[in-house]
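Taking it in order: structure first as structure tokens, then the write-up.
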Amino acid sequence: MTSNVNEKARSEVREIVMNALGRLTSEGRLPAEPLPPFTVEQPADSSHGDFSCNAALVSAKTFRKNPRETAAMVAEAAILDGTLFERIEVAGPGFINFFLKPLWFGETVSTVLSEGERYGRTELGQGKRVLVEFVSANPTGPMHIGNARGGAIGDCLASLLDYAGYSVEREFYINDAGNQVNKFGLSLDIRYKQLFGSDEEMPEDSYHGQDIIDHAKAFADKYGDKYMSVSEEERRKALVEYALPINIKGLEDDLLKYRIKYDTWFRESSLHESGKVAEVVEMLKAKGVTYEQDGALWFKATDFGDDQDRVLVRANGVPTYFVPDIAYHYNKLVTRGFDKAIDILGADHHGYIARMKAAMTALGVDADKLDIVIMQMVRLVRKGETVKLSKRSGKAITLATLLDEIPMDAARFFFNLRDPDTHLEFDLDLAVEESSKNPVFYVQYAHARICRLIEKLAEDGVTLGGVTPDKLTFTEEAELAVIRQLAVLPDTINEAAKDYNPSKITRYSYELAQLFHKFYDSCKIKGEADNVVFSRLALCAAVKTVIKNLLDMLKVEAPEKM
């Protein structure tokens, strides 16, 4: 864990306020009543203080006093000697505003530099084991734009949770069993037979993509018409066993190109082969939470908060897709014992949450250990118009074709610019633009700008040795604003981790870059007094450290030259 300079300051505010109230109570100036919970926050406008406390406001009924009068009494009774604060002011209806001593700003910069790549890491997760399952694209075809967003969100969320002190693993769930694989086999079968004169038409709900045709041709090139004389079942099995591994390898290669490496590729088929799918049905029966109707076996999901009961086994004896999904989540939380399982799913899976939590509860598993992040759709835009087809191939844009068009860094950063549960408009023109309008370029440019500054100052013999708070002096508001942003990083990490929202990290990094560019453009460095040059160089180095840490978390390059 790294130092949280903001938390240290907040704790001191609480201690100062509580001690002041204790003195006022002992002197009989305030009644000895329990104090309601109060908050310590950072005002958006620093002229209102670095920290603000609402203790006087929330205790108005308790003390039977005007909050502003109480606030004035607290300010008068407060002792600031030996604290981080230099003064207190009372504002508005009774806010108590605290102003930090200059030394705190130096301590913050010094802390960032001393902790380096560890700065911002927290112990929120306390080492708890978390499994993040994301993308899990259907292996019967290539990944689409929704998968691209899910990949960026899931991978960055896993990195974020690691930063927040969790023990994190990434997992891809391969749907290599069930209806979609049967449909895959059917589609391959028809395309294969067509190569040898069959006039059988492709059903409307089969897979019509070019990839199916390519697989059938490659299979025919390898085996000729050998499989025309075997049973349909044997032919389809052979086609699937040939094509599915190729598709899965393609998914893995595309995701590695996207800088995503999974700890585990978990096969749905393993749950069927090991008997776990049948076993989970028997477990639910034994719990007394199933019933038969119209020849099918149903789960009493409404008893556990779902809006309707769910079919487990159809009348023909075939389990629904819901059953292996139950077995899979039981495997995550019980068999493998993860403290938390997080799924990243598309908006069309919203109804999935209640039914899966109901199943876990019915099996005696704490449903709160399962969290599902619902991700909204992506709209690709070029020149203000929605893009539906790839200009290069004439087909729907896939992850692979997208990465042929835009830089990898832009893809990963842009897909995390908005909260997962909001629709995302992805501007393809902006993603390749090298200007301050492009958020990832803007952040990367801040890093490169600092690298160039450090290099130029080193040429002049100006370098950073040991940086201690007493060597640093900051007086300009542009400097202080940057330092305040540096200080809130650990809080931002914790907040983003709690919300499962890595977009808070991209926004934070963009805001830091904004504050840095503003500081850099308004505060000279070269040619100033030695202590000013040293302090501003230290501040720049601290910003560089934090930007590098965050871009590493997002798996985005932090270039030294642009």
- Whole-percent carbon and sulfur share, accessible surface of the range 122-203, 1.4 Å: 42 percent
- By the Cα gyration tensor axes a ≥ b ≥ c (a/c under 1.5 gives rounded; else a/b larger than b/c gives prolate, otherwise oblate), the shape of the range 20-66 is prolate
- Query: Quick one: which of K249/K498; K193/K257; K261/K369; K357/K504; K183/K222 span more than 30 angstrom between C-alpha atoms?
  - Reply: K249/K498; K193/K257
- Query: Which whole-angstrom value gives the distance between the alpha carbon centres of the range 333-393 and the range 142-195?
  - Reply: 12 Å
- Please report, as a whole percent, how much of the solvent-accessible surface of the range 319-471 comes from carbon and sulfur atoms (probe radius 1.4 Å). 51 percent
- Order of exposure, largest accessible area first, which applies to R149, R336 with probe 1.4 Å: R336, R149
- Message: With angles folded into 0 to 90 degrees, how steeply does helix 530-554 sit against the dominant principal axis of the chain? Use alpha carbons for both and round to 10.
- Response: 20 degrees
- Global form of the range 363-432, assessed from the alpha-carbon gyration tensor, a/c cut-off 1.5: prolate
- Along the range 508-519, Karplus-curve 3J(HN,Hα) (6.51, -1.76, 1.60; θ = phi - 60°) to the nearest Hz, with x for Gly and Pro, reads 4, 5, 5, 5, 5, 4, 4, 5, 5, 4, 5, 4
- Once amide hydrogens are built 1.01 Å from N within the peptide plane, the residues lying 5 or more places from R87 or on another chain with amide H under 5 Å from its amide H are F99
- Message: Taking loop as defined by DSSP and a crowding limit of 11 other beta carbons within 10 Å, which chymotrypsin sites (Phe, Trp or Tyr not before Pro) in the range 172-265 fit?
- Response: F196
- Query: Each residue of the range 332-341 in turn: what ³J(HN,Hα) in whole Hz from Karplus with 6.51, -1.76, 1.60 and θ = phi - 60°, glycine and Pro shown as x?
  - Reply: 4, 8, 10, 4, 8, x, 5, 6, 8, 10
- Could you state the angle between the C-alpha long axis of helix 232-257 and the longest principal axis of the C-alpha atoms of the chain, as a value from 0 to 90 degrees rounded to the nearest 10? 20 degrees
- Message: Please list, by residue number, every one of the GluC sites (Glu not before Pro) in the range 452-488 that is coil in DSSP and has at most 16 other beta-carbon atoms within 10 Å.
- Response: E476
- Amide H within-cut-off set for A396, under 5 Å, with H built and near neighbours excluded: S390
- With θ set to phi - 60° and the Karplus curve 6.51 cos²θ - 1.76 cosθ + 1.60, what are the ³J(HN,Hα) couplings of the range 126-135 in order, to the nearest whole Hz, using x for Gly and Pro? 6, x, 5, 7, 10, 10, 9, 9, 8, 6
- How do E171, E117, E528, E204 stack up against each other in accessible area, from largest to smallest, with a 1.4 angstrom probe? E204, E117, E528, E171
- Query: Expressed as an acute angle from 0 to 90° and rounded to the nearest 10, what is the orientation of the C-alpha long axis of helix 145-163 relative to the principal long axis of the chain?
  - Reply: 50 degrees
- Among DSSP beta bridges lying fully in the chain, give the percent that are antiparallel, nearest 5. 50 percent
- Task: Counting only heavy atoms of the protein chains, get the accessible area per residue of the range 337-462 (1.4 Å probe) and round it to a whole Å² value.
- Result: 46 Å²
- Interchain or sequence-distant (5+) residues whose placed amide H lies within less than 5 Å of the amide H of V311 are F299
- Gyration tensor (alpha-carbon) shape descriptor, the chain, a/c threshold 1.5: oblate
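The values are calculated or read from the model by the stated rules, or taken from the named source; none is laboratory data. Please read these numbers as outputs of a predicted model, since none were measured by experiment. We place every Cβ from the backbone using ideal geometry, glycine too, and count neighbours over all the protein chains shown. All accessible areas refer to the heavy atoms of the entire protein, side chains included, with ligands and DNA or RNA removed. Shrake-Rupley method; radii C 1.70, N 1.55, O 1.52, S 1.80 Å.
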